Amino acid sequence: MEALIPEPSPSNIRKFRKSEWRKTMPKGLKMKRFIEGPDGTLVRDSSYVGEDAWDDDLECPQDSVKQIIDSYVKLNAEEKKELKEDLSISGRYSTRPSFV
């Protein structure tokens with residue numbers, strides 16, 4: 001049986017760590033991690049997954065589609081613009097669904 005393994009991008013790694021945190025910790029537990037700086041002061045590590053593991057990801061699906069289209073090298077700028085307009089993600093977000 002084949003498994004679909006997502007690309008190890010920073011956002012996918014963060015989502016994986018959040019899911020692991022949710023599985024192993026009591027529901028709603030939040031923790032902050034502090035690292036000792038060079039002068040002995042404590043500096044908060046905001047990248048620690050325990051701080052926001054229970055918060056939903058705020059990444060808009062339209063943003064990720066836009067990033068994929070922008071990074072696709074086989075399309076020229078005009079084709080990318082047309083594709084974004086067809087998907088109605090040109091630059092502002094539509095408040096109504098676009099059913100054709």
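FYI, it's all coordinate maths here, none of it is from the lab. Please read these numbers as outputs of a predicted model, since none were measured by experiment. Please note: Cβ atoms are built from the backbone with ideal geometry, for glycine as well, and neighbour counts cover all protein chains shown.
Could you tell me what fraction of 2.2 N^0.38 Å the Cα radius of gyration of region 10-51 comes to, as a two-decimal ratio? Don't skip to the answer; put the middle values down first.
Details: Rg = 12.5 Å, N = 42, 2.2 N^0.38 = 9.1 Å.
Ratio of Cα Rg to 2.2 N^0.38 Å: 1.37.
As a calculated quantity, the FRET efficiency between ASP86 and PHE16 at R0 = 25 Å, using C-beta atoms, amounts to about 0.15. On the beta carbon distance between LEU29 and ILE68, with R0 = 35 Å, the FRET formula returns roughly 0.55. Go ahead and run the numbers for FRET between ASN76 and TYR48, Cβ-Cβ distance against an R0 of 35 Å, rounding to 0.05. Rounded to the nearest 0.05, the efficiency is 0.25.
Counting Lys +1, Arg +1, Asp -1, Glu -1, what net charge surrounds MET31 among other residues with beta carbon under 15 Å of its beta carbon?
Working: positive: ARG17, LYS18, ARG22, LYS27, LYS30, LYS32, ARG33, ARG44; negative: GLU20, ASP45, GLU51, ASP52, ASP55.
Charge balance in the 15 Å sphere: +3.
Summarising the amide proton neighbourhood of ARG33: residues at separation of 5 or more, or on other chains, whose placed amide H is nearer than 5 Å comprise ASP45.
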